[in-house]
Amino acid sequence: MTHISSTKAVPSTGAIPKHVAIIMDGNGRWATKRFLPRVAGHVKGVEAVRGIVEACVDRGISFLTLFAFSSENWRRPADEVSLLMRLFVSALEKEVARMHANNIRLKVVGDLSRFDSQLQKMIQIAEAKTANNTGLTVSICANYGGRWDIIQAVNQLNAKRNTNGEISEDDLSQYLSMAYAPEPDLFIRTGGETRISNFLLWQLAYSEFYFTETFWPDFDAAALDVAIQSYQARERRFGRTSAQVAGPSSQ
Ligand code: IPE
Ligand code: IPE
Ligand code: MG
């Protein structure tokens, strides 16, 4: 299925965002504030993921995309990186059956070649098991970077084309790693920073941005509802004027 690009046509939008993308930030500070090791924040962060996945199912959201580990996060101390990898493995072990039972399709997006082969295998199995589920699609961005995504799409496009002609947005976007999803309607970053940190650079072109000071482990269904309420108060114009959006011939 291909989705309308927000820069090519005006996408249909509703009160409930179809696609919510979240930078889950603030685990470390959540823990430090409590005089706990950073790892405790990451453990709590996994619990918060479970709550938000359930909340998205309940609210009829179709796509939830979570930034779990960026291509730059390898720069962290080795013990934190290896703990995050172990947490990822244990979350897959614990959560995939439950997701499958709830008709959730799981995708893991990013350069997976850098993960150890056991983790890669687990990801493959989890994706295959849930591939035909028709409820919420949960995408976990792991070793993901927005620039990596664009470059890998360009490389795939190059390999398939033998002309040097100009390329269109559609030519390229079909190779982006989340081509199966519409562009995010609502982008949320927890933890107080107001930056994209190399998340979905292409796909966020017309997303509504919502930043909150709340640390990710504290981000619950009620906090999600506040973000959705903020989203609902926005006027998405996609380049048009406010009068066009409001008027009868607005499309
Ligand atoms: C987000 O929380 C989780 C990952 C990046 C893996 P952080 O670990 O970045 O938490 P802070 O920003 O240090 O508080
Ligand atoms: C962004 O958080 C990546 C994830 C949440 C996985 P960071 O905490 O790594 O972002 P920066 O480095 O502060 O921008
Ligand atoms: Mg952070």
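A simple count of charges around LEU201, restricted to other residues whose Cβ falls under 10 Å of its Cβ and scoring Lys, Arg +1 and Asp, Glu -1, yields 0.
The peptide list 40-50, 217-227, put in order of mean Cβ contacts within 10 Å with the highest first, becomes 40-50, 217-227.
Taking the Cα centre of region 27-109 as reference, the dipole from Cβ charges on Lys and Arg (+1) and Asp and Glu (-1) amounts to some 180 debye. In loop segments of region 167-251 as defined by DSSP, the GluC sites (Glu not before Pro) with at most 15 further C-beta atoms inside 10 Å of their C-beta are GLU193, GLU213, GLU235.
If a/c stays under 1.5 just call it rounded; otherwise compare a/b with b/c (prolate if a/b is bigger, oblate if not). Do that for the chain, with a ≥ b ≥ c from the square roots of the Cα gyration tensor eigenvalues. Because a/c hits 1.5 or more and a/b fails to exceed b/c, the chain counts as oblate.
Applying a DSSP loop filter and a limit of 14 other Cβ atoms within 10 Å to the trypsin sites (Lys or Arg not before Pro) in region 145-196 leaves ARG161, ARG195.
Computed over protein heavy atoms with a 1.4 Å probe, the accessible surface of the chain works out to 51 Å² per residue. To put it simply, the accessible area of the chain at a 1.4 Å probe is 52 percent carbon and sulfur.
This model, with +1 at the C-beta of Lys and Arg and -1 at the C-beta of Asp and Glu, gives the chain a dipole about its Cα centre of some 200 debye. Accessible area per residue (1.4 Å probe, heavy atoms of protein chains only) ranks ILE228, ILE125, ILE16 as ILE125, ILE16, ILE228, with the largest value leading.
Between region 104-119 and region 16-83, the C-alpha centres lie 16 angstrom from each other. Dipole of region 19-233 computed with +1 at Lys/Arg Cβ and -1 at Asp/Glu Cβ about the Cα centre; of ALA131, LEU83, SER70, farthest Cα towards the positive end is LEU83.
Ordered from highest to lowest accessible area with the whole protein assembly present and a 1.4 Å probe, HIS100, HIS19 read as HIS100, HIS19.
Sparse packing (at most 16 other Cβ atoms within 10 Å of the Cβ) combined with a DSSP loop state is found for the following trypsin sites (Lys or Arg not before Pro) in region 1-34: LYS8, ARG34.
Within the shell of other residues whose beta carbon sits under 12 angstrom from the beta carbon of ALA31, the net charge comes to +3, with Lys and Arg scored +1 and Asp and Glu -1.
The values are calculated or read from the model by the stated rules, or taken from the named source; none is laboratory data. Keep in mind that this is a model prediction, so the values were computed, not measured. Using ideal geometry, Cβ is built from the backbone for each residue, glycine included, and neighbour counts are taken over all protein chains shown. Just so you know, the surface numbers come from the protein's heavy atoms only, side chains and all, with ligands and any DNA or RNA stripped out. Shrake-Rupley method; radii C 1.70, N 1.55, O 1.52, S 1.80 Å.
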